[in-house]
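Worksheet for the structure shown next.
The values are calculated or read from the model by the stated rules, or taken from the named source; none is laboratory data. Predicted model only: the values in this text are computed from it and were never measured. Glycine also receives a Cβ, built like all others from the backbone with ideal geometry; neighbour counts cover every protein chain displayed. When the accessible area is computed, the model is the full protein with side chains, heavy atoms only, and any ligands, DNA or RNA have been set aside. Shrake-Rupley method; radii C 1.70, N 1.55, O 1.52, S 1.80 Å.
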Amino acid sequence: QVQLVESGGGLVQAGGSLRLSCAASGLIFSNYNMAWFRQAPGKEREFVSRITWSGGGTYYADSVKGRFTISRDNAKNTVYLQMNSLKVEDTAVYYCAAAYRFGDSVTSWGQGTQVTVSS
């Protein structure tokens, strides 16, 4: 029922920027905390960023703090990840995730979008 569709991935040079979008449907969007994860080849999926249901709280992995910004537009049922000063190490498949605010366990995942940063 719940669908999360990512877009905005692609190939970018180191130092460049990308903005990922995740459009949600089949849920009351404001009832969900939203998050971004990523998985690089040969590595486990790792947490990137999280935003609370109201947008009032944001959290970042140390590896992206100061470079990435998460935001949401509840009127558009969309969460964004603005990625600046990209590094080769940021290359990964990025996944959007939804977690019901009453429990905060991930219930839905997007299909993922590839981000490739070239040197």
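Of all the residues that make up region 68-86, how many are touching a Lys or Arg at 6+ places or on another chain (Cβ under 8 Å) and farther than 22 Å from I28 by Cα?
Number satisfying all stated conditions: 5.
Quick one: what pairs do we get from region 12-23, first residue farther than 13 Å from V88 by Cα, second of a type in the set (F, W, Y) and open to solvent by 30 Å² or more (accessible area, probe 1.4 Å), C-beta under 7 Å, 6+ apart or different chains?
Short answer, once both residue conditions are applied: R19/Y80; L20/Y80; S21/Y80.
Can you work out which of the residues in region 87-115 that are touching a helix residue (DSSP H, G or I) at 6+ places or on another chain (Cβ under 9 Å) and either assigned to a strand (DSSP E or B) or more than 17 Å from A24 (Cα to Cα) (or both) is modelled with the lowest pLDDT? Full working, then the answer.
Initially, region 87-115 is screened for residues touching a helix residue (DSSP H, G or I) at 6+ places or on another chain (Cβ under 9 Å), giving 98, 100-102, 115.
Filter once more, so that each one left must be either assigned to a strand (DSSP E or B) or more than 17 Å from A24 (Cα to Cα) (or both): 98, 100, 102, 115.
Values: A98: 96, Y100: 92, F102: 87, V115: 98.
Among them, the one singled out is F102.
Between a residue in region 93-109 that is free of Cβ contacts under 8 Å to residues at least 12 places away in the same chain and any residue that is open to solvent by less than 20 Å² (accessible area, probe 1.4 Å) and of a type in the set (A, V, I, L, M), which pairs come within a Cβ distance under 9 Å, given they are 6 or more apart or on different chains?
S105/A99
Determine whether S49 is among the hydroxyl-bearing types (S, T, Y) and part of a strand (DSSP E or B). Outline the logic, then answer.
Working: among the hydroxyl-bearing types (S, T, Y): yes; part of a strand (DSSP E or B): yes.
Yes; evaluated as a whole, the condition is true for this residue.
Restricting to region 17-39, name every residue that is surrounded by 14 or more Cβ atoms within 10 Å (Cβ to Cβ) and assigned to a loop (DSSP other than H, G, I, E, B).
Correct list: L27 only.
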